[in-house]
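Everything on this sheet refers to the single structure shown next.
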Amino acid sequence: MKLYLLVFFAAVAFAFVADVMQRQITGMEERGNLSLHARRSLVSLRSSRVVVIMCSALVYILLSGMRYDTGFDYMYSYVPSLEEVRRGNASHYDPFFDLVIAAFAKFSSNQWFFAGMALYTIAMIYIGFCMESKYVLVPVALFFTSFNYLRSFCFVAQYVAMATLFVGFLLLLKKRYVGAVALLILGILLHKSAEVMIIFYVLYFLSNKILLALAALLPLFGMLGQGPVRSVLVKLTGDSRFAVYINGQFDVGYADMSLVYANLAFFVLFLVIVFITRDNITHDKQGTMYVVAQSLALGFAFLQIVIPVGYRFVWYFAFFQLVSVPYMLRKVTKGTLYYAICTGICVLYYIWMVRYPLTNGASQVLPYHPFFDPNVTIW
């Protein structure tokens, strides 16, 4: 865990520097009527900030891309799939990810696949951070403490899709519909489970008042509507590669209750913020959609018991916490109080990560092995 923490603090340090630079940029822009020298300094500062953000992302990318047999699916799924393709057989993923596997199977080393997926996934996530806000420190910290970073070591295909849809939905919030739909389609072609995001896209076009009402009801539906959801799921997965999950070895009524606890806490926090800002939240589409995302995350957390490996659906919507938490907190706090609360949330999330997913060990992200010396074990 020491190596992971070292990488976390390095990524956060770069993000902190980037935010300090952004405050300087904002201050210079607000002054206006800048001299030629000041304008050149502003351009240089903006460029330097981009480089620093890239350094923050690179820290995460390198650790992920240089891992060997770290993450359950590394040897269980991805390496065998690459080897199967090299033998002339087809891989078993969804259409576009099959193409990805086929492309990387042309390389003699499997490591190019993991490096490429780390680069794409984390780069897209950082693009999303920069699209959502000028300040990236809190999202960068939450990316690690929420277990999303380490979970991506295992569920590579899904996280490639999630990163794609993350940017896609942020484009939708900016009314860039062509790009948003294109990334939605790409995400589904990468991982069929991404079809669940179609719901989120459709909900965007409802009024904010209706959305807030739905947000209050969706978790209740998740608790009470398990039978109908199960019936629909059986029909939808009948002809897909996910049919094996229904009535199979994974269909054991398992629910990751730690996801319920975490998402319930954020749902309550968001409801409190909605109540405090009730006079203007109905005019804020972005804030409203973040509340809906959290509502869906909690609703799917309740539905886990009837959806085999249903926790995967929770991740799609809980992932938005990386940007929704700082966005919502900015509505009711600022300055020192804002950063104190964000720090508290990161600490609590870290405790949750250590207490539940890491202790559970299912993702097998500990110990870490570097590809250049697989015999090295780092706890």
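Key figures for this structure:
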read-out	value
Failed item in (1) part of a helix (DSSP H, G or I); (2) under 16 Å from A215 (Cα atoms), with R278 passing the rest	(1)
Residues being part of a helix (DSSP H, G or I), closer than 19 Å to L172 by Cβ and not hydrophobic (A, V, I, L, M, F, W, C) - total across region 283-328	12
Cβ-Cβ under 6 Å pairs, at least 6 apart or on other chains, region 1-19 side free of Cβ contacts under 8 Å to residues at least 40 places away in the same chain, far side assigned to a helix (DSSP H, G or I) and crowded, with 18+ Cβ neighbours inside 10 Å	V17/V52
Of the criteria (1) over 20 Å from V323 (Cβ atoms); (2) at pLDDT 95 or above; (3) surrounded by 21 or more Cβ atoms within 10 Å (Cβ to Cβ), which one S193 fails	(2)
Among (1) small (G, A, S); (2) at pLDDT 95 or above; (3) over 24 Å from I122 (Cα atoms); (4) buried (at least 21 other Cβ atoms within 10 Å of the Cβ), the one test that A340 misses	(4)
Matching option when the condition is in contact with a strand residue (DSSP E or B) (Cβ under 9 Å, 6 or more places away or on another chain) and not in a loop (DSSP other than H, G, I, E, B), among A118, A123, A157, A141	A118
Residues within region 69-108 that are in contact (Cβ under 8 Å) with a residue 60 or more places away in the chain and farther than 22 Å from S193 by Cα, tallied	2
Lone unmet requirement of (1) farther than 26 Å from S193 by Cβ; (2) in contact (Cβ under 8 Å) with a residue 60 or more places away in the chain for V59	(2)
Where a residue in region 352-379 is part of a loop (DSSP other than H, G, I, E, B) and crowded, with 16+ Cβ neighbours inside 10 Å and its partner, wherever it lies, is modelled with pLDDT under 95 and not hydrophobic (A, V, I, L, M, F, W, C), with Cβ under 8 Å and at least six apart	S363/P357; H369/N375; H369/T377
Residue in region 174-188 that is modelled with pLDDT of 95 or more, β-branched (V, I, T) and within 27 Å of A262 (Cβ to Cβ) present	yes
Qualifying helices (runs of 4 or more DSSP H) (wholly inside region 1-115; at least 2 residues being at pLDDT 95 or above, acidic (D, E) and at negative phi)	79-86
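To keep it simple, each residue is scored yes or no on (1) more than 30 Å from L6 (Cα to Cα); (2) surrounded by fewer than 20 Cβ atoms within 10 Å (Cβ to Cβ).
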site: S35; (1), (2): yes, yes
site: G71; (1), (2): no, no
site: S77; (1), (2): no, yes
site: N89; (1), (2): yes, yes
site: H92; (1), (2): yes, yes
site: F96; (1), (2): yes, yes
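The values are calculated or read from the model by the stated rules, or taken from the named source; none is laboratory data. Given the structure is predicted, the values throughout are model-derived calculations rather than measurements. When we count neighbours, we look across all protein chains shown, and the Cβ atoms used for this are built from the backbone with ideal geometry, even at glycine.
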